[in-house]
Amino acid sequence: MCSSIGTWMQNLALPAYIAHRTGSAQIVGILIFAQLGPLLLLAIPGSIIADRVNRRVFLLAMQWLQLIFSLVLAAIVAVDGPIWTIFLVQLVIGTGNALNAPAFQASIPLLVDRRDLAGAISMNSIQLNASRVLGPTLAAVLTLWGVSTAGLFVINSFTYLFLIVAIGMVVIPDVRGDHGAKGWRQFLIGLRISRQRRVLSRLLVAMATFSLFSLILVALFPSVTRLNF
């Protein structure tokens, strides 16, 4: 939960920082693509990687990647470095998040008994949605207390340590997926399964529609506020 709160702190502060420096909503939109675009492009490859490697080691590597580059981002912002370097670092962080997400979600069923799975998924959803509220709120409070934008990114980077410690403490079974498909056919397994299960396909369409039209508005709030108020 701490890591998610830190991430949403950064998701609020970074677009606001870019909007302040450039005054351009278009550039903020490019930043959002650097952040969320990898989720669209790498989610399926990430799931294939998660099926082939030691999931615990892979998760730890992705957390360290995001931690280190969040610190790099803080250093760049602290000196008002070139905008393109911020985009590049954010793209690396977004890539780490995109590769981490399938492995993390697929690990939940391995950590609890089947009868407790619904509760575990609900708790994961609760903490994710709660972090979307608490993260920006905490960022606003810390800013009022004088914490700089770079300071918020440093705080976010250290929140990854909580997840690193948690992953290090639990035992994630080393389960490797073997679906019999080879090459490019591996990319279509998920689509084939979702097409066969109507409830699953409706959920995926609903989530994709919400993500496409709604998530971008969160990062554009600073630009919307500047233009209207």
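Report yes if Thr209 is under 23 Å from the mean Cα position of the chain (by Cα), more than 22 Å from Ile48 (Cα to Cα) and at pLDDT 85 or above, otherwise no.
Considered against the rule, which asks whether it is under 23 Å from the mean Cα position of the chain (by Cα), more than 22 Å from Ile48 (Cα to Cα) and at pLDDT 85 or above, Thr209 comes out as no.
Only one of these is surrounded by fewer than 17 Cβ atoms within 10 Å (Cβ to Cβ) and more than 13 Å from the chain's Cα centre (by Cα): Asn124, Asn129. Name it.
So the residue among Asn124, Asn129 that is surrounded by fewer than 17 Cβ atoms within 10 Å (Cβ to Cβ) and more than 13 Å from the chain's Cα centre (by Cα) is Asn124.
Suppose the filter is open to solvent by 50 Å² or more (accessible area, probe 1.4 Å), in contact (Cβ under 8 Å) with a residue 12 or more places away in the chain and over 25 Å from Leu217 (Cα atoms); does Phe69 pass it?
Answer is no for this residue.
With surrounded by fewer than 16 Cβ atoms within 10 Å (Cβ to Cβ), on the phi < 0 side of the Ramachandran plot and out of contact with any Phe, Trp or Tyr (no Cβ under 7 Å at 6 or more places or on another chain) as the only criterion, which of Arg52, Arg56 stands out?
Among Arg52, Arg56, only Arg52 is surrounded by fewer than 16 Cβ atoms within 10 Å (Cβ to Cβ), on the phi < 0 side of the Ramachandran plot and out of contact with any Phe, Trp or Tyr (no Cβ under 7 Å at 6 or more places or on another chain).
With (1) at pLDDT 85 or above; (2) open to solvent by less than 50 Å² (accessible area, probe 1.4 Å) as the list, and Ala75 as the residue in question, which single condition is left unmet?
Looking at each condition in turn, Ala75 falls short on (2).
Test Gln10 against the criterion of being in contact with a Phe, Trp or Tyr (Cβ under 9 Å, 6 or more places away or on another chain), under 19 Å from Gly146 (Cα atoms) and not basic (Lys, Arg), and give yes or no.
yes
Based on this model, can you work out whether Leu110 counts as modelled with pLDDT under 85, assigned to a helix (DSSP H, G or I) and surrounded by fewer than 20 Cβ atoms within 10 Å (Cβ to Cβ)?
The answer is yes for Leu110.
Inspect region 84-96 for any residue being surrounded by 15 or more Cβ atoms within 10 Å (Cβ to Cβ), at pLDDT 85 or above, of a type in the set (Gly, Ala, Ser) and part of a helix (DSSP H, G or I) and give the result as yes or no.
Among the residues of region 84-96, at least one is surrounded by 15 or more Cβ atoms within 10 Å (Cβ to Cβ), at pLDDT 85 or above, of a type in the set (Gly, Ala, Ser) and part of a helix (DSSP H, G or I), which makes the answer yes.
Of Asp116, Asp80, which residue is open to solvent by 30 Å² or more (accessible area, probe 1.4 Å), of a type outside the set (Ser, Thr, Tyr) and not in a helix (DSSP H, G or I)?
Asp80
The values are calculated or read from the model by the stated rules, or taken from the named source; none is laboratory data. What you see is a predicted model; the values in this text were computed from it and never measured. A quick note on method: Cβ atoms are made from the backbone with ideal geometry, for glycine too, and the neighbour counts reach across all protein chains shown. The protein model used for the area step is the full one, side chains on, heavy atoms only, and it has no ligands, DNA or RNA in it. Shrake-Rupley method; radii C 1.70, N 1.55, O 1.52, S 1.80 Å.
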